[in-house]
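Trainee: One structure, pasted below without further comment.
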Amino acid sequence: MREFLATALLVACALPGLAEAQGGTGAPARRLATIDTIRQFPGFFHLQNVLLRGEFSDSGARVILNADERSMDVLLADGASTLVGLVEVRAQVIDVGRLEPGDPRLARYDGARDAERWPRPGEELLLNVTGVTSVRPFTETSIRSLAIEPWRFDGQTVTVTGQFRGRNLFADLAGSPAKSNYDFVLRGAEGAVWVTGLRPRGKGFDLDVDARIDTNRWLKVTGIVKRERTLVTIAATRIEPVPPPAAQAAIEEPVVPAPPQRPVEVVFSSPTQEETEVAPTSPVRLQFSRGLDPSSLAGNIRAAYVGVPEKAIEFQTSYDAATRSIGLTFKLPLERFRTVTVETVVGLKGFDGALVTPWTLTFSVGE
């Protein structure tokens, strides 16, 4: 039991990034990436905070980030601006096709506008840039430099030190090289790379790529840098264990503010607005732009005769999640030749907590 507690304590001290990797609290994880990798794995990076390098260019009204003969369109958040030369960019990746038309995160984007020809997932990618810093090319090799500028080291023999993360047990990276049963991820203070070619064992150590308990170990790896299918790998020629470094304070990342919630709106009604000669026994149907929270229906829909607001009309409601619609069935036939209003009031909510915009339907009853 003492040995188990000692191991747990060592893991907690030696893995400052572990809580983030497992979805813990604290600053949101920022993934080091390249444009090439983001384009290859858009689903993995969608709405993720990333750090990458490149150079800005303008193409008419568009701002573009270029790196290693690849490019991505850029949206500049408030306070962010472009710089000349090599820069490090902090951004959030947006896969336009995975959002809905009218999403507020696309308010500044002049690209996709036609909902009928909305891009498919992975077809149109953006970088919502929140910070830009001028930098120089790396002169020293580290996992960080390999993760963010791998083209500068392709084919070179390097030696790096990092934390053993097994067979991508914490989803540090997108994709897998699938070279052997012993490929594993090596993570540094920032960034991560795949290691292939050698099994992680030797004198005094034998690590299991599928066991999280072994991820308290640190390794020094020597090998040749390769880029295969946008993945950065080190084809190892030597692996040896090293002591874990002293714990460092985590760098707090600026949080990309959550987009304001779009209100839910009524998009269709039956009867239609100002319709006349509606049958006294006709039900009313309201369809909404998004799904509703059924628990918010009670008390937030009203029906009355115009001119007699104090005389509420009694009805029963039913909600159809598949069509995002509410049905109102009146307990008694509506009075002939009267004008009826049906209204939604503040308090009716969408499934995501967004309020429904107050709305009123008016129609006239026939014989």
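Trainee: Assess whether residue 335 counts as being surrounded by 11 or more Cβ atoms within 10 Å (Cβ to Cβ), under 24 Å from residue 277 (Cβ atoms) and of a type in the set (Asp, Glu).
Mentor: Values: surrounded by 11 or more Cβ atoms within 10 Å (Cβ to Cβ): yes; under 24 Å from residue 277 (Cβ atoms): yes; of a type in the set (Asp, Glu): yes.
Yes.
Trainee: In segment 283-295, what count of residues is obtained for those that are touching a residue at least 24 places away in the same chain (Cβ under 8 Å) and either loosely packed, with under 14 Cβ neighbours inside 10 Å or polar (S, T, N, Q) (or both)? Let's see the steps before the verdict.
Mentor: So the first thing to find is which residues in segment 283-295 are touching a residue at least 24 places away in the same chain (Cβ under 8 Å), and the list is 283-294.
Of the ones still in play, those that are also either loosely packed, with under 14 Cβ neighbours inside 10 Å or polar (S, T, N, Q) (or both) are 287, 289.
Count: 2.
Trainee: While we're looking at this one, here's another question. Would you pick out the residues in segment 52-105 that are open to solvent by less than 20 Å² (accessible area, probe 1.4 Å), in a helix (DSSP H, G or I) and not small (Gly, Ala, Ser)?
Mentor: 96
Trainee: Here is a follow-up. Keeping to segment 338-367, report how many residues are over 23 Å from residue 265 (Cβ atoms) and either in a loop (DSSP other than H, G, I, E, B) or open to solvent by 70 Å² or more (accessible area, probe 1.4 Å) (or both). Quick ask: steps written out before the conclusion?
Mentor: Our first condition is that a residue be over 23 Å from residue 265 (Cβ atoms); within segment 338-367, this holds for 338-339, 364-367.
Adding the requirement that they be either in a loop (DSSP other than H, G, I, E, B) or open to solvent by 70 Å² or more (accessible area, probe 1.4 Å) (or both) leaves 338, 366-367.
Here the count works out to 3.
Trainee: Scan segment 206-241 residue by residue and report those that are at pLDDT below 95, of a type in the set (A, V, I, L, M, F, W, C) and part of a strand (DSSP E or B).
Mentor: Passing the criteria: 231, 232.
Trainee: Considering 71, 59, which residue is more than 30 Å from residue 164 (Cβ to Cβ), of a type in the set (S, T, N, Q) and modelled with pLDDT under 90?
Mentor: Working: 71 fails: modelled with pLDDT under 90.
Every option except 59 fails the conditions.
Trainee: Can residue 151 be described as over 24 Å from residue 86 (Cβ atoms) and either open to solvent by 10 Å² or more (accessible area, probe 1.4 Å) or modelled with pLDDT under 90 (or both)?
Mentor: Numbers: over 24 Å from residue 86 (Cβ atoms): no; either open to solvent by 10 Å² or more (accessible area, probe 1.4 Å) or modelled with pLDDT under 90 (or both): yes.
Taking the combined requirement at face value, the residue does not satisfy it.
The values are calculated or read from the model by the stated rules, or taken from the named source; none is laboratory data. Just so it is clear, the model here is predicted, and its values are computed rather than measured. Cβ: placed from backbone, ideal geometry, glycine included. Neighbour counts: every protein chain shown. For the accessible areas, the whole protein counts, side chains as well, though only heavy atoms, and no ligand, DNA or RNA atoms are used. Shrake-Rupley method; radii C 1.70, N 1.55, O 1.52, S 1.80 Å.
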